[in-house]
Each structure stands twice: as C-alpha cells, then as structure tokens.
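To keep things clear, I will list the structure first and then write my remarks on it.
Just so it is clear, none of the values below were taken in a lab; they were calculated from the coordinates. Quick caveat: nothing in here was measured; it's all calculated off a predicted structure. Ideal geometry is used to build each Cβ from the backbone, glycine not excepted, and the neighbour counts take in all protein chains shown.
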Amino acid sequence: MSADPVTSGITRDEVAHLARLARLAVTDAELDVFATQLDVILGAVARVGEVAADDIPPTSHAVPLRNVFRPDERHPGLDQEQALAGAPAAEDGRFRVPRILGEE
Amino acid sequence: MTTPTLVGYDEVLEHFDPVLGLEVHVELSTNTKMFCGCPTEFGAEPNTQVCPTCLGLPGSLPVVNRSAVESAIRIGLALNCSIAPWCRFARKNYFYPDMPKNFQTSQYDEPIAVNGYLDVELDDGSTVRVEIERAHMEEDTGKSLHVGGAAGRIHGAEYSLLDYNRAGVPLIEIVTKMIPGTRERAPEVARAYVTALRDLLRALGVSDVRMDQGSMRCDVNLSLSPRDSGVLGTRTETKNVNSLRSVERAVRYEMTRQAGVLLAGEAVVQETRHFEEASGTTRPGRRKETAEDYRYFPEPDLVPIAPPVEWVEELRGTLPELPWERRRRISAEWSLTDEELRDLVNAGALDLIEATVAAGAPAGEARSWWVAYLTQQANSRGVTLDALPVTPEQVARVIALVASGELNNKLARQVVDGVLAGEGSPDEVVTGRGLAIVSDDGALVAAVDEALAAQPDIAEKIRSGKVAAAGAIVGAVMKATSGKADAKRVRELVLQRCAPVRG
Amino acid sequence: MSELIRLTAAELAEKIHSREVSAVEVAQAHLDRIAAVDGTVHAFLHVASEAALVSAALVDDGLAAGVAPASPLAGVPLALKDVFTTIDMPTTAGSKILSGWRPPYDATLTTRLRAAGVTILGKTNMDEFAMGSSTEYSAYGPTRNPWATARIPGGSGGGSAAALAAFEAPLAVGTDTGGSVRQPAAMTGTVGVKPTYGGVSRYGLIACASSLDQGGPCARTVGDAALLHEVIAGYDPLDSTSIDEPVPAVVAAARLGASGDLSGVRVGVIRELGGEGYQAGVRSSFDAAVVQLQKLGAEIVEVSCPHFEYGLAAYYLILPSEVSSNLARFDAMRYGLRVGTGASAEEVMAATREAGFGPEVKRRIILGTYALSSGYYDAYYGQAQKVRTLIARDFAAAFTHADVLVSPTAPTTAFPIGDKVDDPLAMYLNDLATIPTNLAGTAALSVPSGLADDGLPVGLQVMAPALGEAVMYRVAAAYEAARDAEDGGPLIHRVPEVPA
C-alpha cells in the first residue's frame, strides 16, 4: 500500500487547531498568512508520496548503533540553586507555575 | 450531573458481564534514573536530584540505564512474555508542567515484552490466568503541589509548585489484555491480580512496590457487556487507586455505577475517572474536548535496543523461584494439602518454616514448632511470628537437641522460653539453666531404686508383670530429677530393675 | 588593522606556542577587530572580552612555565554559534524565548574547546533555533555578508561564517542540520564542514532536528578546519548517538592533499546536483572546479542519485516533526521568557510561545504537529523516513563508484537581505544540494571555488561516506592549494573592507 499523496490543502481552521495543540496563541493575522504559506509548503512536501516505497523500511537513525547503555551509577548533577537559576518564579525550592487547568 | 443510581450487585450480574483491564506502573528501584545518573531516593529536598537531562534543559540528551533494561527483561520473563528481539523508545507528546520536555520518552508500538500471562490464585483456591498484553519502559514525571485550593487538589488552586526529583525515574508499565468471564468475581480477580503481581515484583527485587508510596500504581479499566452477548461496552479508566482494597472497591463501584447508567437507558461516557478513597466511589475527571493525540514517533536521541539472546538467557537464570513455583514445590515436598499450605501462607509462617528446614530440621518438626508452640508464644506477646526473638536456625538447633536425646519436648520448650527471654542461644540456655537431660545411667539407677523403695507395692506389681504400673515410678523419677531425665530411658531402667532376678 | 587577524589558525598557533606572540595579544587583536566592525557585520550576539583574555592569559602562563600546549590550537581565538550551551555566557539559539538565558552546564563541545585552550571570543548570530538559510530569522537582527553588507551571509550559521570572513576570528564552530554550516561557508568564501552524524557530540547542542543536527568546524582554510575538527570530534558517553570510533585523521589528510596530487581518487559528479537551474555563475564555477580536480589527477565519474530530488520534501517533513517535539519544552515554566501573569499555566505557555518564537519557527512547529498527527503520520512523516532510506541507498551505491562526490554547495550566490524572507519555499530551495547528506548521516564540506560573475563567493561541496572524512579533506585541500596558486593567494583576503 503506497501512501497516497494528500491532495487537499490545509484549511485555516486546521491551522488554528494545530496551533492550539502546539500551545501557540497565534493571532488572526498570523493564521491568515500561515494558512496560505503552509498550504503551499504542504503541496511541495507531499511529493514524498510519489515515491514507491511500499517495502522500504523507514530510517529513524542515520547511525547504525544498537544497545547504547550507561551503567546504573551516579553522575553529578545540579544543585537546587542551579536548577532554579533560570526559573521565572520559584518558591520553597520548587518551580512556581500559574494554576494548571488540565488534569494530571 | 445527576446522582448515579446504584444498582444492586446481583442485579448488575443478571444483566451484564464485566470486562476488566488493569494497567500497573512500577517504579524501579535502580540506583539512578532511566536516562541520567541522578539518584532515585525517596524524600530528598525538592529539585536536588536533577540534572540537565531530567530537567529537560535545552541541549540535554538521554542515555539508557542498563540496569533498568535488565529489570524490564526480567519482569517480562517472569510474566512469561516474549522479549522483543528489537525495540525502540518513542516520544509521547503532550504539554503538562510536571513533564520537563513536554513529551514523555516511552515505548509505543515496539515494547520490550509482549504476550505473557500471570496465573492468579483466588481465595477459594481456584486459579485465573490473566493474560498480559505488554510490558514497556518509560520515565516518571515530576511532582506537583497545588496551592490554594481545597485539600491540595488541583481544582480551585491558585498556583502550583513543581519538584522534578521524580522526573526521569524508571517506570515499567504492565498492561493486561481484556479480562472477560470473571462475572461476580471481577473485583476479587482484580485485587488478586494486583496482589500477585506485587508479590512477583517483590520476589524479583526490582521495585519496592509500595502502593502507599506510589512505587506501584494501578489504573482500573472496566466496561460492561450485555449478558452473554459478547458485545463490548464502553470502557472507563479509573485512576488514583492507591491500595489493593481500593482496586477491589473501584471495580465494584464502577460495575454498579455503569449498570445504573445503562439500565436507565443512557450511555456510559468513555472517560478517565478518579477513585475517592473516603467514599469508595469514582468521580469523573475533567472532560476533554477531543481524545488526546500523542503524535508518537521514534525517539531520535536514543538508538534501538536489540537484546542478544545470550543476555536474555543470562537474565532468565537470575530469576528467583517465583512465588507460585515455590508454593507448588513446598506443597509437594511437605505433602501439604492446598488448605494446609494456605493456612501457612496466611499465618506468615512459610518463610520461617523453610528457613528452619534449610537449617537442617525435618519439615514436619519445623512446621509443628512454628504452627503450635511458637504461634502460641507470639499470640500471647501480641506480635507476629517473624517478630519473635528466636531465629529459624535456633529452632532447628532445639529440634536437633531433642532428636539426639539431649532434650525432651518439655525441656525443649523451656529452652525456647529461655531464648525468647534473651538468655542466649539454645546451647547457652541449656547450660545456663542446667536443662540437659540426665543421661548418666548411674545417677538414674540410683533415682529409680529410690523411687522403687518408696513405693514397694507398685514395685511388686511391676515385678509380677503389670508393666503399666511402671508409669508411676517414671513419674516419681522425673519429679525427683526436676524433669531432666529421658523418660524413655527411665522406664527401661525401671523395668530392668524390676526384672526377676535370675538366680 | 593588526596583521595578526589576517593569519590562519595554524600560523597563530605556531607563533603563540613558540612565544613569538602572546595569546593575550592575539585575543586582544581580535576583540579590537570585533569592536571595529561588528557594529556593521553583527556576527556576534555576545562578546566575552574578559573571559577570553583570562583564558588566553592562562595559555600564556602555561607556556611560560614550560608546559606543553593543551592542543595544537591552544591560545587560538574562536567564535561559537549561540546554539551551544556555555556556563559563563548567555545562550539564546537566536531566539527571544531564551533571551539572556545562562545555562547551568557547558556543552561537551564547549568543554573540549576549553580543555584545548582555545579562546572563546563569544557567541555568534544564527537563524532562530537553527531554522533558516539566511540568518534573517534571528530574533536579534540579521548578520551581514562582509563581501556585500546588503546581502545575507547564509544561514542558519551566518554569524560564524561572517565572523571568519570579516577576520573577527580565525576559527568558528557551527551546526549543520540541512546545510547550515556549508551554505554560509559557500556564501562567504570560507570553509565549513558537516562531520559524519554522530562524529561530534550533541550534548549541550540546543536541538533543532535531533536526527540531522551535527556540530562542525568553520575556518578560512581547509587545514585550519581539520585542526579544529580533531579538537571537537570524538565519542561522548553523554550522547547516545555518538560514534565510538577514532576520529578520522583529517589533519594528516589535509596535509597530504596540500601536496596537490589526487591520482587514484575517484570523484563522482552527481547528475541530479549538477547545477541545472542554478545561477549561471555558480554553474560555471562548479564546472571549472571539476576540470581542476581532473588536472590534479582525479578520475571523474558520473553518478546518479535518483531520489535526491525528493530530499527537500522529505527534509521539510522530518525536520518540522522533530522540531515540534524538541521545542515543546519552551513553555515558560522552568526557564526562559514568561509572558502573562494571573492567567493559567496553559494560557501563559501559549502567550509566551507566541511572543517568544518567530514566524519561521511557528510555521515549522505547526507543520510538524500536522505531519505527526494520527491519520497523517503514514503519508507524511512515515513516508519521508522511507525516502530517507532511499537517499541513503543512493549514496551507498554512488560511493561504490567514487571515493568522494561533488556538487555546487548552493544554487545561488548570496542574495539581498529581505529577498526571500517572506517566501518560505524559495528560502528552502537554498538547501537542496546540502540536505541529502544530513538525511543520510554522511559527511560533507564546502570549500571556496572562486567568485561568480557578480563578484560573490561560490562554494564547492565535497561529500564522503560516513567516517570517510579523510578523503574529503584531502580532495578539498588539494583543490584549495590549486585555487590559491591560480588566484595568487586565498581569495578571502580580497574581501572588501567592512564599511563602518
């Protein structure tokens, strides 16, 4: 089964949905521009579908390594001060973040 | 939201067949985290067990902990799974502040272990085979403290505080296949499975498996299928199940709740629910707009794992005797009935008896001591058997002393009392209290003659062949020697002394 | 202008180690140069004057005490692309979202440079998160090409390349994901190398596309690049994709190449990257380069890599997908920019990322989110990874017929700032010759191949199999020596004086 090149473009609504998924509060103006640009880009990249690659294995790693491990041994890390050094807000040794709406 | 109509349990089963699924997350007790060399100890000061990798700092990279992979393989083998000849890590992408990278490095469609089973014994002795879908490796998240809301809950909180000490700790997720056909025993089966899994993991030594500390977490999946239809119902997932008892209660509650919904003509909502310990009920989690799309793809910063067959077999050799294998062996070796074995397990005596046998005592004697006298002692002191201040080796010694004739049973109990009182080892108590059996025949003969002289009519009876009368003389000798005589030998001597003198 | 800044790294090292000149003097000369011209060039985002002088002084002290130099490059100054973490300098990756961020740890590459006694002058400008081909997407303003300051220096590592071409540093380090070291080298008449994937540690390299990124040496000469290559390359246990093999002997190979004899070397010209449709001046420069290689004794063969034409499409699916995941961590919770108070964590995340990321980054995040979505994964990301396999096979087949492959590095010379910044697809076309190497994980470099008819530099790309850098450096060094002889000296010295 070869992957069908996707012929339908990407809509403004889809771009808005993707932006939400990616936690990007894009403006309406941006949405207009991006939707057009991404539609063009998608049209160009969709040509990967033209390649007959049914029985071709995908490459996820350019380097043919396997079984790279480290021993279960301690390695010095950061102290609390270093860890919190760049924090926008901290309290009692912890990172302070605004109230979380979603569930764990 | 309307208050759910609770249906009687029997009524539930008249209409529906429950289908169970259990997901258990196990925190491994490795020295260091899954992908970095940070310590994994419980209870450290916040953000003191972190590094660029587990904090997900820009530029950081993961490196797989070999020991975690070994544990994963051993768990897979112990669950009778096939170990994948080749597997990979994948990124599970979603945003949440307790995940430093906003993706979790996990395994998706290429887990390390698949298709196993666990035979679970229920209270009545029957066995259920729970099939295991997969076991895979992943990393734990950090911990959040919600401030300002009710009882530290996330709802109504003003802000949250994040501690990433736990982020990156190795987790193994074990997922069962759907478990149908349990009928009214579904809650019991769920509990028994989690219990058996816990015992197994403990025997493997891979985790502390403390549900109360979060090193073992259970999510309960349940759906109701119309009775005998084979048509699957809509499933809910219940989280926050923090004890074995909660597993059972959560299953039971969901069964009755879902039955109530369905019998009222409504549909069960596919959702994640939370178990509420206090009430034994579940409440819905926050409704999501759409099902989460995690956009899984192979983790590019890690290379595949292809465990060589030799390594897997080497690890198979390190598996301890698994709990049910051990029980089977003990049953056979000690010729126990299932009920007898269960009694021993419940009394917590199995390990102690085994250790006593390992120290050289015969199984029957060992069992007898622990189940009778020592249990009595434990009860009167209000402690468990393993809290008694006597070791299996010491009990074995006492048994050996009785076998060699140096002690009789009554003396043996006194020796044990001495050990329990802290007077020392059995041998030290024997010497200290002077409890050794008088085995010197000379002294015994003298005592026998004295007793015979004191009771001439009894002596006459014995001489005339009424051997049973010897008992009274034996009793007198035992009393005279403060019990420190081998009764059997005394009786022999009595009969000898009363034997007709041949002219 | 001090003549010290005109010297190569090798020449500077020789003078410093023989104590003819001090490392401090060399550092100061370059710092003065930066102060004089960087207002125009804008190669640097951060100049670490004090730290550089301290580091240089330490090298001088060691030499004075009779201690052997820590490396062949001890005391030589270097400009570091602002994508590598440095504990004593800000690291921004060219983005507002990391404005002023001080990492609590050094990249392995940074550690190696320090251990080698190299003087890190500062951090250079780049397209935001290494996404771009012109450095115009930097949140801190563009870098200008010293050859023509109204033009781009290439990207994403335009800062490093411009620093070399403006003689602000004799050495630089960049990262190459789809050509970000090689293409700026071509645009600025300098040398830029993308080592074999896994050859240089990525620990501390702020990730763009994890399976494509690779740090590499940049210099004005092939020999200098080789010296730097041997300092920064090598196995790192902190990087699971790091190759545990000896670093290829590139310094020796460059020296061998400088002798000018390429007999026995087979050079493959890739039909699909032969320059058809490229700028005329680029095409003719390439053709002349091939003739030159033949004169040096190389055997020229034609090879075909039929799937290379799909490289751009595959790349612009794989890269955004990995980017969308790699950049998720920038969420205002633990470090970096935070925008919005009193709102929820979710709102703060979205507002911060909106304010902190530029348009190209946003485009790629959205594109990547799409390509990985369930329902689209197979057709896009999945299919692109298969094309990747085919491209790797094309290379493998080609390398059975040739020891190295050649092509023009980029289809055009440096274009004016602003020309393509609103046309993403046009911008992407800059990378079509360089991308296949990143997809296959093999090695490649760009070496100057003269000036085009517009007076702007052109680069020759030389490609080698994985871990085959030695022959690549040899060919490049031979070609460079022949070019220098023909031009009467390295063309880089003809770069116009930077206007104030």
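Calculated on the alpha-carbon coordinates, the convex hull of chain B measures out at 230 cubic angstrom per residue. Here is how the number arises for chain B: DSSP H runs of 4 or more residues each give -39500 (n - 2.57), the sum is divided by the residue count, and the result at 222 nm is -11500 deg cm²/dmol.
Here's how it looks for B:Ser225: its modeled amide H is under 5 Å from those of B:Asp17, B:Val19, B:Gly233, which are all 5 or more places away or on a different chain. Ordered by the number of other Cβ atoms lying within 10 Å of each residue's own Cβ, fewest first, A:Phe95, B:Phe275 fall into the sequence B:Phe275, A:Phe95.
When both region C:6-64 and region C:242-291 are represented by their alpha-carbon centers, they are found 31 Å apart. In order along region B:366-382, the Karplus-derived 3J(HN,Hα) couplings, from 6.51 cos²θ - 1.76 cosθ + 1.60 at θ = phi - 60°, round to 4, 4, 4, 4, 5, 6, 9, 4, 5, 4, 4, 4, 4, 4, 5, 8, x Hz, and Gly and Pro are given as x.
For the pair region B:243-316 / region C:104-179, the C-alpha centres are spaced 48 Å from each other. Express the Stokes-Einstein translational diffusion coefficient of the protein assembly as shown in µm² s⁻¹, to the nearest whole number, given a Kirkwood radius over alpha-carbon pairs, 37 °C and a viscosity of 0.692 mPa s. D, rounded to a whole number, is 97 µm²/s. Placing +1 on each Lys and Arg Cβ and -1 on each Asp and Glu Cβ, with no other charges, gives the protein assembly as shown a dipole about its Cα centre of roughly 1760 debye. For region C:325-468, the Cβ-based charge dipole about the Cα centre amounts to some 520 debye (Lys, Arg positive; Asp, Glu negative; other atoms uncharged). Computed from phi, the 3J(HN,Hα) profile of region B:255-262 under the Karplus parametrisation 6.51, -1.76, 1.60 (θ = phi - 60°) reads 4, 6, 5, 5, 4, x, 4, 5 Hz, with x in place of Gly and Pro. Positive contributions from Lys and Arg (+1) and negative ones from Asp and Glu (-1), summed over other residues with Cβ under 10 Å from the Cβ of C:Gly158, come out at 0.
When the charge dipole of region B:336-461 is built from unit charges on Cβ atoms (+1 for Lys and Arg, -1 for Asp and Glu) and taken about the Cα centre, the candidate among B:Thr375, B:Ala400, B:Ala361 whose Cα reaches farthest toward its positive end is B:Thr375. Annotation: average projected area of region B:441-497 is 3.2 square nanometres, based on the convex hull of Cα atoms across all directions.
Which log10 I(q)/I(0) values, to two decimals, does region B:323-433 give at q = 0.11, 0.17, 0.20 Å⁻¹ under the Debye formula with one point per Cα? Results for region B:323-433 at q = 0.11, 0.17, 0.20 Å⁻¹ read -0.34, -0.78, -1.04. Remark: the Cα gyration tensor places region C:310-386 in the prolate category, a/c being 1.5 or greater and a/b exceeding b/c. So what is the calculated 222 nm ellipticity per residue for chain C, using -39500 (n - 2.57) for each DSSP H run with n of 4 or more, over all residues, to the nearest 500 deg cm²/dmol? Here the helix-only value at 222 nm equals -12000 deg cm²/dmol.
Listed by Cβ neighbour count within 10 Å, with the fewest neighbours leading, C:Asp236, C:Asp213, C:Asp88, B:Asp212 appear as B:Asp212, C:Asp88, C:Asp236, C:Asp213. Within the shell of other residues whose beta carbon sits under 13 angstrom from the beta carbon of C:Pro146, the net charge comes to +2, with Lys and Arg scored +1 and Asp and Glu -1. Of all DSSP beta bridges located in chain C, what percent are antiparallel, nearest 5? Bridges in chain C are about 65 percent antiparallel. Counting neighbouring Cβ atoms within 10 Å and putting the fewest first, the residues C:Arg283, A:Arg74, B:Arg191, B:Arg257 line up as A:Arg74, C:Arg283, B:Arg257, B:Arg191. Along the charge dipole of the protein assembly as shown, Cβ charges K/R +1 and D/E -1, which of C:Thr188, A:Gln37, B:Ala78 sits furthest on the positive end? About the Cα centre, the residue reaching furthest to the positive side is B:Ala78.
Using the crude model of +1 on Lys and Arg Cβ and -1 on Asp and Glu Cβ, and no other charge, please compute the dipole size for chain C relative to its Cα centre, in debye to 20.
Result for chain C is approximately 500 debye, rounded to the nearest 20.
Each of C:Ile365, C:Met89, B:Ala278 was placed along the dipole of the protein assembly as shown (beta-carbon charges, centred on the mean Cα), and the one lying farthest toward the positive end is B:Ala278. With the Cα gyration tensor of region B:247-311 giving a ≥ b ≥ c as the square roots of its eigenvalues, does the rule (a/c under 1.5 for rounded; else a/b larger than b/c for prolate; else oblate) give rounded, prolate or oblate? Prolate, since a/c reaches 1.5 and a/b exceeds b/c.
For region C:177-284, the extents of the C-alpha atoms along the principal axes are 45, 33, 25 Å, listed from largest to smallest. Exceedance of the 28 Å cut-off in Cα-Cα distance is limited, within the set C:Lys295/C:Lys420; B:Lys101/C:Lys420; C:Lys15/C:Lys123; B:Lys101/C:Lys362; C:Lys81/C:Lys420; C:Lys15/C:Lys295, to C:Lys295/C:Lys420; B:Lys101/C:Lys420; C:Lys15/C:Lys295. Each 5 Å bin from 0 upward holds the following percent of the Cα-Cα pairs of chain A: 2, 8, 10, 9, 10, 11, 13, 14, 12, 10, 3, 0. Within straight-line reach of B:Lys488, meaning a Cα separation under 17 Å, sit the following aspartates and glutamates at least 8 residues removed in sequence or on another chain: B:Glu406, B:Asp440, B:Asp441, B:Asp449.
Computed on region C:158-270, with alpha-carbon pairs under 8 angstrom and 6+ residues apart, the relative contact order is 23 percent. Note on chain C: Rg/Rh from C-alpha atoms, Kirkwood Rh, equals 0.95. Our summary gives chain B a relative contact order of 14 percent, counting only alpha carbon pairs under 8 angstrom and 6 or more residues apart.
Roughly speaking, what is the centre-to-centre gap between region B:31-108 and region B:120-135 when only Cα atoms are used, to the nearest Å? So the separation of the two Cα centres works out to 29 Å.
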